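One structure is given here, and the rest of the page talks about it.
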Amino acid sequence: MINGIVAIVGRPNVGKSTLFNRLTVSDDAIVDDRPGVTRDRLYGHAWLDAEKTSGFMVIDTGGFETDDFKFQPFAENLVWRQTEAAIKESDLVLLVLDGKSGMNPHDRQLKRYLEEIKKPHVIAVNKVDGPEQSQVMWEFFELGVDELIKVSAAHNRGVGDLKQQLADELETLPSLAHVKSASDAIRIAIVGRPNAGKSSILNRMMGEERALVSDIAGTTRDSLDTPMVYNNQAYVLIDTAGIRRKSKINERLESLSVMRSLRAIERADVVLLVLDAVQGLTEQDARLADLAADRGKPVGIVVNKWDIFPDKESNTAKEYTAAIHRELKTLSYAPITFVSALTNQRVHQLMSLAERLAQSAKSRVDTSEVNRVLRAMVQEHTPALIKAKSKRVKFYFATQVAVSPPTIVVFCNVSNEIHESYVRYMTNRFRRDLGFAEVPIRLIFRPKSDVRQRDAEAASEAKESLD
């Protein structure tokens, strides 16, 4: 169980993201030496034990300085709004100061702000890497605190003590807002090209401005984990940086964001692929679709900006759906939802869609039912003769061996010579008749000898247990 939420705040480049990564034992926050690289709220778990039974949630935020408005006023204003939202959402604030650069007027402003809103907070001085930093610690006592925590996130010194102190502080809070455990949560990765509307859709699903939203392509740089509960079901929404063409990835920051988008697909239970209705399907969309399909992930295709699609008629959505399925052959079974994040049209359907896909991918079918479908499909369409061997493929029986994706093993006489078209036929029939119509399934063909070997091993194990 996660006991409370800690928001990490501070000036740009004081080491908040590195400290977040140390506390959560991850590299979820992008770490770069340029101020303001972390712009959204990024969530992670700080566990106190190896079994992950006790801990708390941590939020990383973007750094903010009042005089940064002269550089990027809109983006910086959004960063402060996100920082303020994280502070309000949290139970406890960890104010991080820079032990190398010393006291700064912005440190005092943040401290004063936390006192004005009566927010419980702890102060940590980072970058205390040697005795020269320890000697200037007295500067920070000007903030009127009795105790300062010294850490070096870069060298992982003092982080364990800091984690324990944060946990101790949380336990003393009378109004601790417990966060629901996300161990059984459905993880939804929201992916797509830059500026397709991923963050706007997430914000509508959450009912708040969770991720930065602007008309600047690539405003979301990190993969952002947002926990939520909807209809008594826990979810984790993963918003990602849009994937650009490789030729446009010219800096380390964009490369890190692209890798994070791909990782988000791998750790998701369900993928929502967001398309721009006006721009239509692109090479990058197809690439993402293939990545999700190759990894066996259920995909819901979300066509955003449907409100501004020109010249719509009664059959436009049907024709658009058929066109997408023709182009995305690996996702010809995936459900398509037409939405508008701007007007909130049909966005509410996405949560129930994700739950339906996740449940379908995790469902199991009795072996008797699998074999009934196998017999029916072979009776309706007998596999072709293997000319090289002058023999037909014989299927003996089939059984489901795994979920997410549903995986069916089919035992036969020639496991590696079944024609590709017949494999597609079998896949489509199993998907249709076993309740997997909207999710990917995998077929594995094995020779009958594997069955005899399995039975022999089982008999041997039974004999040993009797002895």
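The values are calculated or read from the model by the stated rules, or taken from the named source; none is laboratory data. Note that the structure is predicted; figures quoted are calculated from it, not measured. Using ideal geometry, Cβ is built from the backbone for each residue, glycine included, and neighbour counts are taken over all protein chains shown.
Checking the conditions here, which among L281, L275 is surrounded by 20 or more Cβ atoms within 10 Å (Cβ to Cβ), within 24 Å of the chain's Cα centre (by Cα) and of a type outside the set (G, A, S)?
Result: L275 is the single residue among L281, L275 that is surrounded by 20 or more Cβ atoms within 10 Å (Cβ to Cβ), within 24 Å of the chain's Cα centre (by Cα) and of a type outside the set (G, A, S).
Test K312 against the stated conditions and say whether it is out of contact with any helix residue (DSSP H, G or I) (no Cβ under 6 Å at 6 or more places or on another chain), assigned to a helix (DSSP H, G or I) and surrounded by fewer than 22 Cβ atoms within 10 Å (Cβ to Cβ).
Answer is no for this residue.
Restricting attention to the stretch 183-221, report how many residues are farther than 23 Å from T282 by Cβ, among the charged types (D, E, K, R) and at pLDDT below 75.
Adding up the residues that qualify gives 4.
Of A384, A402, which residue is within 20 Å of V270 (Cα to Cα), of a type outside the set (D, E) and either surrounded by 12 or more Cβ atoms within 10 Å (Cβ to Cβ) or at pLDDT 80 or above (or both)?
Unique residue meeting the criteria: A402.
Condition first: at pLDDT 90 or above and in a helix (DSSP H, G or I). Now tell me which residues in the stretch 140-165 satisfy that.
Answer for the stretch 140-165, where residues must be at pLDDT 90 or above and in a helix (DSSP H, G or I): V159, G160, D161, L162, K163, Q164, Q165.
So, of the residues in the stretch 78-105 that are among the hydroxyl-bearing types (S, T, Y) and not in a helix (DSSP H, G or I), which turns out to be surrounded by the fewest Cβ atoms within 10 Å (Cβ to Cβ)?
Top of the filtered list is S101.
Can you pull out the residues in the stretch 317-338 that are within 17 Å of I441 (Cβ to Cβ), in contact (Cβ under 8 Å) with a residue 40 or more places away in the chain and part of a helix (DSSP H, G or I)?
T330, L331
Hey, does the stretch 251-258 have a residue that's under 20 Å from E355 (Cβ atoms) and either modelled with pLDDT under 85 or outside any loop (DSSP other than H, G, I, E, B) (or both)?
Within the stretch 251-258 (the criterion being under 20 Å from E355 (Cβ atoms) and either modelled with pLDDT under 85 or outside any loop (DSSP other than H, G, I, E, B) (or both)), the answer is no, since none of the residues qualifies.
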